[in-house]
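The values are calculated or read from the model by the stated rules, or taken from the named source; none is laboratory data. Worth saying up front: this structure is predicted, and the values here are computed from it rather than measured. Cβ placement follows ideal geometry from the backbone for every residue including glycine, while neighbour counts extend to all protein chains displayed.
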Amino acid sequence: MLVLAVDTCLEPGSLALLREGGPSLAEASEGGEMETVPLPPGWRSTALHEEILRLLARHGWSTKDIAGYGVTTGPGSFTGVRLGLTAVKGLAEVHGKPIFPVSTLEVLAAAAVANPGRDRERAVTNPSRDREGAVADDSDKWTATSDEPKLPAAGSLVTGHSSLVTAFAPVLDARRGQIFGAVYQVERDEFRPLLEETVCALRTFLARIQAAGLQEVRFCGTDLAPFLPEIEQAGWAAGSAIPVSPHLAGVLAQIALRRLQKGLGVSVLAADANYVRASDAELFWKE
């Protein structure tokens, strides 16, 4: 089975192909073979289709060979969300294939779990109950076909050392003094929301985490530097932050393949954007 993943919610965006079994695309792994590529600067909707076709052609495939499509549905750039979702829905409609829409925040959490270097560090807890985490072993197998962080095998996003942390809190800049955020718990390769997706001030988000009584939390995002002072001021240690690559398509492809194997895809009509916050046109609409 071949999965195509498209992320255009974050800059600059990325594509990934993940194949279950078969000849290796690069370095073999026990869960599948993958190639992840960033989109070129200044890409637009037409260039997105060209990049997809170029990636497929490199391995002798065409769009009819794709068994399912993973796509980030937001939050993120309004234009980016629409372009990625529209491209995937068009291809899925033509070939009658399922779509696996995933929140950008959930993919960020998955990327944090898949980051072996950071997860081998100390599991940082809320200061009220801080304790040292054990050092994990190095038994996991990894593969990557670009300069992206190495990822676990496609069969499992949950590694042994991720059990040191009970909650992952992805954070994205939503501008206007707000962030997009959520808190997820890893359960059998899936991510269960502990705090639903929200858009609010970072201080409010941190207060909600504390009010929920969450003991161990790792904050993750593509650019956490602007948020670290306030996170530390709220009582979390600097080591509680996990930076992840903005090229999310590789992790997205793993999620999509796993859901394809379980028959959890949705139809073209059911796949929709997840803006979390209304668009500017809606916010500033005047009758």
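Results for (1) farther than 14 Å from residue 12 by Cα; (2) touching a residue at least 24 places away in the same chain (Cβ under 8 Å), shown as yes or no for each residue.
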{"position": "36", "(1), (2)": "no, yes"}
{"position": "41", "(1), (2)": "no, yes"}
{"position": "46", "(1), (2)": "yes, no"}
{"position": "49", "(1), (2)": "yes, yes"}
{"position": "56", "(1), (2)": "yes, yes"}
{"position": "63", "(1), (2)": "yes, yes"}
{"position": "68", "(1), (2)": "yes, yes"}
{"position": "72", "(1), (2)": "no, yes"}
Looking at the stretch 222-229, can you tell me whether even one residue there is under 26 Å from residue 247 (Cβ atoms) and among the small types (Gly, Ala, Ser)? yes
When only residues in the stretch 223-242 that are farther than 17 Å from residue 174 by Cα and not in a loop (DSSP other than H, G, I, E, B) count, which is modelled with the lowest pLDDT? 238
Would you confirm whether or not the stretch 197-219 contains a residue that is small (Gly, Ala, Ser), under 26 Å from residue 273 (Cα atoms) and over 19 Å from the mean Cα position of the chain (by Cα)? yes
Kindly list, by first and then second residue, each pair from a residue in the stretch 79-99 that is in contact (Cβ under 8 Å) with a residue 60 or more places away in the chain to a residue that is among the acidic types (Asp, Glu) and part of a loop (DSSP other than H, G, I, E, B), limited to pairs with Cβ atoms under 9 Å and residues at least 6 apart or on different chains. 80/11; 85/272
If a residue has to be closer than 20 Å to residue 215 by Cβ and either at pLDDT 90 or above or not acidic (Asp, Glu) (or both) to count, how many in the stretch 161-192 make the cut? 19
